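Report on the following structure.
Every number here is computed from the coordinates shown, using simple stated rules; none is lab data. Computed from a prediction, not measured in an experiment: that's the story for all the values here. Heads up, the Cβs are rebuilt from the backbone with ideal geometry, glycines too, and the neighbour counts pull from every protein chain shown.
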Amino acid sequence: MIYFDNSATTKPLDEVAKLVSEDLQNDELWGNPGSLHELGTSAYKAYIKAKEDIASCFSIREQELVFTSCATESANTAINGFLKRNKRNGRTIISTKTEHRATLSVLEKLSDEGFNVIYLNVGPDGKPDLEQLASVIDGDTSLLCFTHVNNETGAILPLKEIIEIKNSKNRNTAIYIDFVQSAGKLKIDLRELGIELASFSAHKFHGLKGSGLLYIKNGIRIDPFILGGGQQNGMRSGTESLYLSRSTALALKLSQTDIDEHLKIVSEINSYLRSELVKRKATILSPEDALPYVLNVSFEGFESETMLHCLERYNIYVSTISACSSKTKKISYVLEAMGVDRKLATNAVRLSFSRFNTMDEAKIFIEKIDEIYQLFALR
Ligand code: PLP
């Protein structure tokens, strides 16, 4: 099998599976971390240690981190919770139309509730228009919401420039960043960035599904999304999961080892595929300077889903972004916002890599593309 769909989800590491299975059988770790007796205390200690390990990967403090069920929950809590709690900060939110649905759905709801949501234009490079940002940000701007690395194209956000613009216009404006597709692939120093809110998802860096992270900078107040027993300083009630916290900490720690070397190898795979694919009636839709872990490509003569199923016959897994219905053909809203030609967007397929993919797999991929084209006599 060749798995080029790592932006959808990644395979949990063997180390993670082993840890969870050992933890599940560990007689000292199954207690409720909130219980005052010894069983609870040993579970709590292990749970907090995992939180500290994760926090240190992002250069933050353990108290600034909240475990959630997924990045979607983190986004909902961060955006909604900040705006509801900080009404005096303003009623304007600035974002783009290329955000993940986890963000866009919350913004749509807030807009219905009377908040003013401004969507910046996005260029063919997938980046928001920074001049427009500088012109619209004002005293009423409460929050900026952006994604560090776009899940469909790999476009990288000019985050430092955005922070500079924000600081020059309104220091009270807070920033929420979705780091789902960059965590484990790029080093992220939240302390240095100084942003207020951030989200992460363990299943995108070879951890388990059902484990998300929310960063809330010290001193920032937000309304919690889930109320109850007051766990996690009241920010996310519900009995803490030792298994999820420890497996997430391990997956994140292992992703940091040789992170630059992995980026280099994935860059080589990406460059090879780019150069071979353009010789084969394909158009690269990912920007030149995108994160190499994502490669969006449009195959002439094949609608997205057709190509996905052709590749599947060779046990090669990729993703489509355009959804076909019987009457209308919907193209990806991200590509649409970037101004990609409709016909190209209709044939868009996303390849997304992990540090475990190899150049040999990329070569086989190209061989199979040739076979598919020959089969359909298009070359
Ligand atoms: N943000 C981005 C950029 C994503 O790619 C995804 C998942 O694909 C999410 C948020 C949502 O993550 P989760 O599956 O943890 O809810």
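In this Cβ point-charge picture (+1 for Lys and Arg, -1 for Asp and Glu), the stretch 225-289 has a dipole of about 280 debye about its Cα centre. Do the alpha carbons of any pairs in 343/363; 51/160; 51/169; 97/185 sit beyond 32 Å of each other, and which pairs? Over 32 Å apart, Cα to Cα: 51/169. Rounded, prolate or oblate: which one fits the stretch 95-151, using the alpha carbon gyration tensor with axes a ≥ b ≥ c (rounded when a/c is under 1.5, else prolate when a/b beats b/c, else oblate)? It is oblate, given that a/c is not under 1.5 and a/b is not larger than b/c. Only aspartates and glutamates eight or more places from residue 11 in sequence, or on another chain, were considered; those with a Cα closer than 18 Å are 312, 361.
Rounded to the nearest 20 debye, the dipole magnitude of the stretch 1-102 is 1060 debye, with +1 charges on Lys and Arg beta carbons, -1 on Asp and Glu beta carbons, and the Cα centre as origin.
Of all the options 96, 147, 358, the one that moves most in a Gaussian network model of the chain with Cα springs shorter than 10 angstrom is 358. In terms of overall dimensions, the C-alpha atoms belonging to the stretch 239-357 reach 48, 38, 32 Å along their principal axes, ordered largest to smallest. The Rg/Rh ratio for the stretch 14-255, using Cα coordinates for both the radius of gyration and the Kirkwood hydrodynamic radius, is 0.99. Which residue, 164, 303, 268, has the most motion in a Gaussian network model of the chain that connects Cα atoms within less than 10 Å? Judging by the Gaussian network model, the answer is 164. Within the shell defined by Cβ-Cβ distances under 15 Å, the residues around residue 73 carry a net charge of +2, with Lys and Arg each +1 and Asp and Glu each -1.
When only Cα pairs below 8 angstrom with a gap of at least 6 residues are kept, the chain shows a relative contact order of 22 percent. Taken along its three principal axes, the alpha carbon spread of the stretch 149-209 comes to 39, 22, 16 Å, from the longest extent down to the shortest.
Measuring from centroid to centroid over Cα atoms, what is the spacing of the stretch 204-229 and the stretch 276-296 in Å? Cα centres, the stretch 204-229 to the stretch 276-296: 34 Å.
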